[in-house]
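Following: one structure in structure tokens, then a few remarks.
The values are calculated or read from the model by the stated rules, or taken from the named source; none is laboratory data. None of the values given here were measured: they were computed from a predicted structure. Cβ placement follows ideal geometry from the backbone for every residue including glycine, while neighbour counts extend to all protein chains displayed. Note: accessible area is taken over every heavy atom of the protein model, side chains too, but ligands, DNA and RNA are not part of it. Shrake-Rupley method; radii C 1.70, N 1.55, O 1.52, S 1.80 Å.
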Amino acid sequence: MTDAFFTYRKNVLLAKSPSTQIEGVFAATTGRSVPEEQEALLQQQLEEEAGNLPASESVPAVRKVSVTLTSDWLEGLELLMTSLSDLNTSPEVTGCADQQHSELSALASSELQDHAVAELARLPSEETVTVAGSAPWAAVVPRTDHQTAGCAGINVEVLNDDPAVLAWSLACDAETVPPVLPARPIQEAVPFYPVPTEVPYHEILWRDWEDLSVQPCALEQVPKNTPLFEFRVMSYNILAQDLVEQGLDLYVHCHPDILNWNYRLPNLLQEIQHWDPDVLCLQEVQENHYWEQLEPTFKEMGFACFYKRRTGTKTDGCAVCYKHSRFQLISLSPIEYFRPGLDVLNRDNVGLVLLLQPVLPEGPDLQAVSPLCVANTHVLFNPRRGDIKLAQVALLLAEIDKIARTNEGSYYPVILCGDLNSVPDSPLYRFIRNGELSYHGMPAWKVVSGQEDFSQQLYSRKLLAPLWPSSLGVTDRCQYVTLCQPKKLGRREYSRDFLLQFRFCDVACERPPQLVLLEGVTDAKPVASAREHSAVTAVAKRHNSLSFLDKQCSGVIQHGLNLTSVYSHFLPQRGCPEVTTMPMGLGATVDYIFYSAEPVESKVGECRRLYKDGALKLLGRLSLLSEDVLLMANGLPNPFCSSDHLCLLASFGLEISSL
């Protein structure tokens, strides 16, 4: 009876607490008995029970014990059935079986007793409960369809070889109506509360839609009389199945069933269909899944789709889909970051850049709206190779510069989506948002993401200028050399004082051969004093050194796209950062949606560039979650979210002009 009590208590706590906590509790309470000791305790308990039996009945003394259900055994089952509320509140359980018996009797409910008596009375007189001898009272680990931390829903498999579980199953049989039988009067009976059967994931992981168009700060930016072409953009890393199988150690917290692609695919498609984006940017899209399942489904949903697989032996890539009823394709440019022979570009990541023309509804008035440039990428993960990440982003920005540049030299509105494997306020993030980064001498791990700190290492790779060779054809302003506008030819103007510094240099002291020789005028060579000569030499050296540094070793890269983030990366109502992924149980933000905006004048000394909406206006966004909320749902993936990343969703408006 004692062991059955502990078995039942452990089963209940297993359904409510992590397994590591339960093992510690019961190791301290019951000790560590080997199967032989457990069998001996069981046999002793049965002999004590047999002492109260009539002489005609006997208990077989074999390894596989068969016990006839009697009134005494029935009483034990009744006590087990009524112990749930007591187990949830009782801090400790004594080791004495008599004390346990009295405590449980004080809390037993008369209705549950009657229920159990009726159920067992229906069984045949010869029916027995068999207990395996090798581990007679081993705890039953409940089978869970959904594993979570905190309030997890448990589906417990009823095993008939455990009396504690048998009693639980009898007590939960709702179809049986217990007859009225005499019972002992019990004071202050504790009500019975069953274990929850489902996990409210939709409540734990609820994400609000933030309507930014009605905020006071946005009223001046979005006048009510301004017509807008409204559309939604989603960015989603859907976790390629090949990467799941290659890194199962990252998902030990997940039930194997929820990692199956046949389970994850319907969840992902349902989530995308629910939010109904007009432009969809996906990362980690497995190639065979794209061609066989995703593209056909997306086409049925009204999307036009484009895919770029990673180079080399990689099996996943990026995809951009847009609704052909809302946009028309102007140009498409896939990007491969791999460049043979370049150590700074030796990885297989890719990207896509599209130029789309919004489709306006037909009407009596002639209207026009600006084209939209959409870019999608997945940057290298390696936290130690910031040089590679920076070069990949520079190539992407150069391609955007080529696609989005207008004939007048300005840019069409740009939306940049992707998994950048960089946290907010890291140097790489600041480069995209502020348009400038001085990287020379910076540790490579620091440039990248800030996800890991390698400052304690004795050797740390540092970035040196130039980051990439001139043969790549990309300038330090993230533009292709062939597309850079040539400098206007014109006369250079220099001040008189500047020119006088070079009047005694070697070139100035040589008479040109075509110069007419005039005595006393052009036949004399200027002679500088020692002081003037040293001054000229210093100026010349300084000029040459500055020119070399400016051309070769500036260590500063820039871009002119004026991008800002859709998200603020902080949840003010919770006082904690936003999270888009949870690798190894640690929350981080690595996924972004950047969009074109207009910079505003900032205060002196302000290093963070400020923006306001321009032709492309941010109207709303789907809120993100915090790390503690995701931990309540057992992290990512879980039965509700089938990727290790959260999707990002934003609503934009493009100004419509009348012709």
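Would you be able to tell me the number of residues in the range 266-283 that are open to solvent by 20 Å² or more (accessible area, probe 1.4 Å) and either among the aliphatic types (A, V, I, L, M) or touching a strand residue (DSSP E or B) at 6+ places or on another chain (Cβ under 9 Å) (or both)?
Of the range 266-283, the ones open to solvent by 20 Å² or more (accessible area, probe 1.4 Å) are 266-267, 269-271, 273-276.
Cutting the leftovers down to either among the aliphatic types (A, V, I, L, M) or touching a strand residue (DSSP E or B) at 6+ places or on another chain (Cβ under 9 Å) (or both) gives us 269, 271, 275-276.
Number satisfying all stated conditions: 4.
Select from the range 645-659 the residues that are touching a strand residue (DSSP E or B) at 6+ places or on another chain (Cβ under 6 Å) and in a loop (DSSP other than H, G, I, E, B) and write down the one among them that is least open to solvent (accessible area, probe 1.4 Å).
My answer is C647.
Would you please name the residue that is modelled with the lowest pLDDT, looking only at residues in the range 604-633 that are part of a loop (DSSP other than H, G, I, E, B) and among the hydrophobic types (A, V, I, L, M, F, W, C)?
So, considering only residues that are part of a loop (DSSP other than H, G, I, E, B) and among the hydrophobic types (A, V, I, L, M, F, W, C), the one modelled with the lowest pLDDT is V604.
Filter the range 407-428 down to the residues that are free of Cβ contacts under 8 Å to residues at least 40 places away in the same chain and either open to solvent by less than 10 Å² (accessible area, probe 1.4 Å) or in contact with a helix residue (DSSP H, G or I) (Cβ under 6 Å, 6 or more places away or on another chain) (or both) and list them by number.
Within the range 407-428, just S426 meets the criteria.
Considering each residue of the range 334-386, count those that are open to solvent by less than 40 Å² (accessible area, probe 1.4 Å), closer than 20 Å to A398 by Cα and either modelled with pLDDT under 95 or among the hydrophobic types (A, V, I, L, M, F, W, C) (or both), and give that number.
Result for the range 334-386: 17.
Tell me which of these Y611 doesn't satisfy, since it passes every other one: (1) of a type in the set (S, T, Y); (2) closer than 21 Å to L420 by Cβ; (3) buried (at least 21 other Cβ atoms within 10 Å of the Cβ).
Here Y611 clears every test but (3).
So is G635 of a type outside the set (D, E), more than 30 Å from F229 (Cβ to Cβ) and touching a residue at least 60 places away in the same chain (Cβ under 8 Å) or not? Steps first, please.
Values: of a type outside the set (D, E): yes; more than 30 Å from F229 (Cβ to Cβ): yes; touching a residue at least 60 places away in the same chain (Cβ under 8 Å): yes.
Spelling it out, G635 is indeed of a type outside the set (D, E), more than 30 Å from F229 (Cβ to Cβ) and touching a residue at least 60 places away in the same chain (Cβ under 8 Å).
Looking only at the range 230-257, how many residues end up being at pLDDT 95 or above and either acidic (D, E) or more than 23 Å from G418 (Cα to Cα) (or both)?
So the answer is 3.
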